[in-house]
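Step one of this worksheet: look at the structure below.
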Amino acid sequence: MAGGWITTKLNYVLGWGRKFSLFHYPFITACCGMEYMSAACAHWDFDRFGCGLTTFSPRQADLIMVVGTISQKEAPVLKTIYDQMCEPKWVLAVGACTLSGGIYDNYAVVQGIDNIIPVDVYIPGCPPRPETFLDGIVKLQQKIQNQEQEFRWKRRK
Amino acid sequence: MEKKKVTDTLKAKFSEKIKEVSFPLGDETVFIERDALREICSFLMKEPFAFTMLLDLTCVDYAGENERFEMVYHLYSIVNKARLRIKTRLNEKDLEIESLTPMWKNANWLEREVFDMFGVHFEGHPYLRRLFMYEGFEGHPLRKDYPLRKRQPIIPMKRKE
């Protein structure tokens, strides 16, 4: 009984800590990057949601933001960068091109990055407004808070 | 320089190599035989015409026609402020043309692009390899017979040994 209570509370505390300390790695390839810049800078400022620290190394990042068109040639690079991130990690796919290939329904572009890596939150739009971006981050925080947390000393079933 | 002077000289000098001369919307256009390309270009590059700049080099696919691929070259003369368009046709079974890389350095990547997208081989090119698509990609996507909905598998990243 008491053990269950402690586990639940630990899960809650870890989720609370993780959702407000998202170090993000921006994987920006196209025009949605402009909206990312707006959302990251002072006007919209997603640092208010604890998502402010941009790391330019995937090894220190919790969250990868895939912003923009991913071409077939670039896909293995994205996959490698995702593999380099430490657990726990989340993926935010931003913009129509990233989600589904968008207008680039052709031989050169990956038709949705969920063909390559798992995606947690999809932010649609061409490009999405910064408000949509913030909404996506809040949705991701809700997801992190409510998911089952992984940690090193966790008893495995 | 007066208009038509370049084409007149070319017609006089390479009469049997020039198929047709036209002026669509005032642009001088010369339709030449394939094997005379290098010769004509090196003539044009020198004085007095001095077409020292290769503006563009591309290919057009006329699917279904006998000589299917049309190579298009745009030249510009900085001294004379003149432009010239050179066209030539290639047969699908014999897709080979002389490279212009020894004359204009920027032809290197332009020819690699045409090779990538259309599969035209350039004789004498120093490093003919795909430019836009990756190694392992099959076919030439800007050809009219490349399937519109065809998707190719993603090739994994190469590891350094």
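Remark on A:SER71: its backbone amide H falls under 5 Å from those of A:VAL110, a criterion applied only to residues 5 or more positions apart or on other chains, H modelled at 1.01 Å from N. When you filter the chymotrypsin sites (Phe, Trp or Tyr not before Pro) in region A:1-67 for DSSP loop state and at most 11 other Cβ atoms inside 10 Å of their Cβ, you are left with A:PHE56. GNM on chain A, alpha-carbon springs under 10 angstrom: the most fluctuating residue among A:ILE116, A:ILE28, A:ILE64 is A:ILE116. With the helix formula -39500 (n - 2.57) applied to DSSP H stretches of n ≥ 4, the protein assembly as shown reaches a computed 222 nm mean residue ellipticity of -8500 deg cm²/dmol.
Cα-based values for chain B, radius of gyration first and Dmax second, are 17.6, 61 Å.
The stretch between A:SER21 and A:GLU131 holds 37.6 nm of extra length on full extension. This uses 0.36 nm per residue minus the Cα-Cα distance. Fewest neighbouring Cβ atoms within 10 Å first, the residues A:CYS31, A:CYS126 line up as A:CYS126, A:CYS31.
Please name which of A:THR7, A:LEU63, A:PHE20 has its Cα lying farthest along the dipole of region A:1-102 towards the positive end, using unit charges on Cβ (Lys, Arg +1; Asp, Glu -1) and the Cα centre as origin. Value computed over the given set: A:THR7. For the pairs A:LYS73/B:LYS46; B:LYS17/B:LYS93; B:LYS46/B:LYS144; B:LYS87/B:LYS144; B:LYS93/B:LYS150, flag any whose C-alpha to C-alpha distance is greater than 30 Å. Listed pairs above 30 Å: A:LYS73/B:LYS46; B:LYS46/B:LYS144. The GNM of chain A, with springs linking C-alpha atoms under 10 angstrom apart, assigns the highest mean-square fluctuation among A:ILE137, A:ILE113, A:ILE103 to A:ILE103.
Can you pull the Rg over Rh of region B:5-94, Cα-only, Kirkwood? Using Cα coordinates only, the ratio equals 0.97.
Once the chain from B:GLU70 to B:LEU148 is taken as fully extended at 0.36 nm per residue, the excess over their C-alpha distance is 25.9 nm. Of the chymotrypsin sites (Phe, Trp or Tyr not before Pro) in region B:104-161, the ones in a loop by DSSP (not H, G, I, E or B) with at most 11 other beta carbons within 10 Å are B:TYR127.
Note on A:27-38: average number of Cβ atoms from other chains within 10 Å of each residue's Cβ is 0. For region B:16-31, putting each phi into the Karplus relation 6.51 cos²θ - 1.76 cosθ + 1.60 with θ = phi - 60° gives couplings of 7, 8, 9, 7, 7, 10, 9, 10, x, 6, x, 9, 6, 10, 10, 9 Hz, in residue order, rounded to whole numbers and with x for Gly and Pro. The GluC sites (Glu not before Pro) found in region A:89-157 that occupy coil by DSSP, while having at most 12 further C-beta atoms within 10 Å, are A:GLU148, A:GLU150. In a simple Cβ point-charge model (Lys, Arg +1; Asp, Glu -1; nothing else charged), region A:21-143 has a dipole of about 100 debye relative to its Cα centre. Length gained on full extension, B:TRP109 to B:PHE132: 7.3 nm, using 0.36 nm per residue less the C-alpha separation. Taking a ≥ b ≥ c as the square roots of the eigenvalues of the Cα gyration tensor of region A:21-143, is the shape rounded (a/c under 1.5), prolate (a/b larger than b/c) or oblate? In terms of gyration-tensor shape, oblate.
Each of B:ARG85, A:ARG155 was scored by other Cβ atoms within 10 Å of its Cβ. Arranged with the fewest first, they read A:ARG155, B:ARG85.
When the Karplus curve 6.51 cos²θ - 1.76 cosθ + 1.60 is applied with θ = phi - 60°, which whole-Hz ³J(HN,Hα) does each residue of region A:45-61 get, with x for Gly and Pro? Ordered by residue, 3J(HN,Hα) equals 6, 6, 5, 4, 9, x, 10, x, 7, 8, 10, 9, 10, x, 6, 9, 9 Hz. Tell me, how many Å apart are the Cα centres for region A:41-82 and for region A:101-125? Here the answer is 15 Å between Cα centres. What translational diffusion coefficient, in µm²/s and rounded to a whole number, does the Stokes-Einstein relation yield for region B:106-152 at 20 °C and a viscosity of 1.002 mPa s, taking the hydrodynamic radius as the Kirkwood radius over Cα pairs? Rounded to a whole number, D works out at 191 µm²/s. With a 10 Å cut-off around each Cβ of A:74-84, the average count of Cβ atoms from other chains is 2. Fewest-first ordering of B:VAL72, A:VAL94 by other beta carbons within 10 Å of each residue's beta carbon gives B:VAL72, A:VAL94.
In sequence order, region A:98-115 has phi-based couplings of 5, 5, 9, x, x, 6, 8, 8, 9, 5, 9, 10, 5, 8, x, 6, 6, 6 Hz under the Karplus curve 6.51 cos²θ - 1.76 cosθ + 1.60, θ = phi - 60°, and Gly or Pro positions carry x. Assuming a ≥ b ≥ c are the square roots of the Cα gyration tensor eigenvalues, decide whether the protein assembly as shown counts as rounded (a/c under 1.5), prolate (otherwise, with a/b larger than b/c) or oblate. Prolate, because a/c is 1.5 or more and a/b exceeds b/c.
Each value in this text was obtained by applying a stated rule to the coordinates, not by laboratory testing. Keep in mind the model is a prediction, meaning the values are calculated, not measured. Because the Cβ atoms are built from the backbone with ideal geometry, glycine has one as well, and the counts that use them run over all protein chains shown.
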